[in-house]
Structure formats: structure tokens, C-alpha cells
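Below: the structure, in C-alpha cells.
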Amino acid sequence: MLETDPDGSKSSFEAGLEERSVAVSSNPDHTANFGVYSGRPEDVTAARRHVEKLARHIKAVDDGGRSLDQIRAPDVALDLLQGKCGHYRHLTTTGGGRVNITVSAETLAGLSDAPGVLEGYGPVFAEIARKTVYENIDGEWVFTVTDNGRPVATGTLNRRPTLSQRRQIQAAYATCVIVGCRQPVYDCDLDHRRPHSRGGATHNDNLGPLCRHHHMVKHHTRWQMKRLPNGHHQWTSPLSHIYITERGPPD
């Protein structure tokens, strides 16, 4: 609809924004619902990602037997809306909910009104795409080289891995790769095996998942790590004991 009838879609969008609201309703089982309706896609997407990130941290540390959905609703979303943010502060990174958007250079420069694509939502108007980029001008920038419209190379302009790189690592490993750690890969940092400060490149052969604690262990203690040709990791302890952690896709 957005691609085929942008003018009609924009009119519908603006009318929908005029109806934005929050609502509370009750259920037959005496529980209640709280909803945000007709919000801006970029705001709703950022809020959802923020709640998701906090919920996954809680699930990994102490889920209390609850499902991820149960944690998202009472332990995160409603707590944040009530201002109960103190016990999430140590889990919160700067910048709040991160938004990933794909937009053409022509749209970004104002030469085209082709839609952008908001990850986790779908196509959005060109002005939303431009606004989202401008508000995150200091964030990570990824470049793609194309040949007749086909991507032939990609990379990042800083040390942070791209979304594609992160997904490939997450598909290859189930957990943090240090010995005995079961922290899920989705809650891990992507560590540069050869540090970026010493010329280590941001590509998959030089990246591996480490939970925040073991990331610090690797860089600030005498533990040493080496990636083996088969993708496994060899760890050498301060006492020179050697351990092997096997690579494997998530269960």
C-alpha cells in the first residue's frame, strides 16, 4: 500500500496519528490490558526493542520460572510506565531502544521519496526514515557497495559489528564461548579476538560472543583465548591449563 499509493497512505497515516491514544480494558478472568494505539512506528519499535532487551537480561539471570512474555509485561513494560526504573538501571545502555532502518542515499538526500524499511515493522514514509537517521547521526553507519543494484560488499565505518554480522555469529554459537559459561549468545557482546585497537578487523573471523563478565576477564586477566581452524576456542588459564569450547549452533 505504501509503495503503490504513497499519497493515500500518507493521508491515512496522518489521520491515524490524530487518533493516537492509550486504553485500559478488563478481561473475563479479572486481569487487565494496557495498550498504546496509533503511535509513530519508529517510537513503538524503539520501545518494543528496549523492553525486549531488558526482559532477555532478566530471563538469563533469574527468570523465576516465568516465560519471556510474562517478564516483558509485568516486570518490564508496566514497571517502566510506573516509573519503577531503579532496578533496571544496571541493565540499561545509553540511547534507549535502538532502531535499525534501511534507507537509500537518494531518499536520505531528499532526491527521492522512496520508503525506508524499519526493522521489525516494515516500510515507512521517507520523512520518517530521514528523521530516524538524523536523530541517530552519531550511531553506527554501515555501507553497502552495489553493482547494478546487487550488493557485492558490505562493511562498517566503526568498530561495532553490523546487524548481519551479529546474526551470523548468533546462528553459529549458542552461548558465550568461554569455558563453562551458559549465557545465551543473544545477551553477549561480540568480542574482537584480536583487539580493534591493535588492528583487529570487524569481520566474522575476528568476532566471537562473550558475556559482559567474561569479556572483561579476557581483556583484563591472564586468561588467553585462540580460535581454532574448526571454529572451536582454546582457552589457556593463568596456570597454563588448556580448555576447549566447541562451536555449535543454538539448540
* To do: For segment 202-251, divide the Cα radius of gyration by the Kirkwood radius and give the resulting Rg/Rh value with two decimals.
  => 0.96
* To do: Compare the peptides 23-30, 66-73, 50-57 by average per-residue count of other Cβ atoms within 10 angstrom and give them in order, highest first.
  => 50-57, 66-73, 23-30
* Round to a whole angstrom and tell me the spacing of the C-alpha centers of segment 44-74 and segment 160-229. => 23
* To do: Kindly write out, for segment 172-188 in residue order, the coupling ³J(HN,Hα) from the Karplus curve 6.51 cos²θ - 1.76 cosθ + 1.60 (θ = phi - 60°), rounded to whole Hz, with x marking Gly and Pro.
  => 8, 10, 8, 9, 3, 8, 7, 4, x, 8, 10, 4, x, 4, 5, 9, 9
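Every number here is computed from the coordinates shown, using simple stated rules; none is lab data. What you are looking at is a predicted structure, and each value in this text was computed from that prediction instead of being measured. Glycine also receives a Cβ, built like all others from the backbone with ideal geometry; neighbour counts cover every protein chain displayed.
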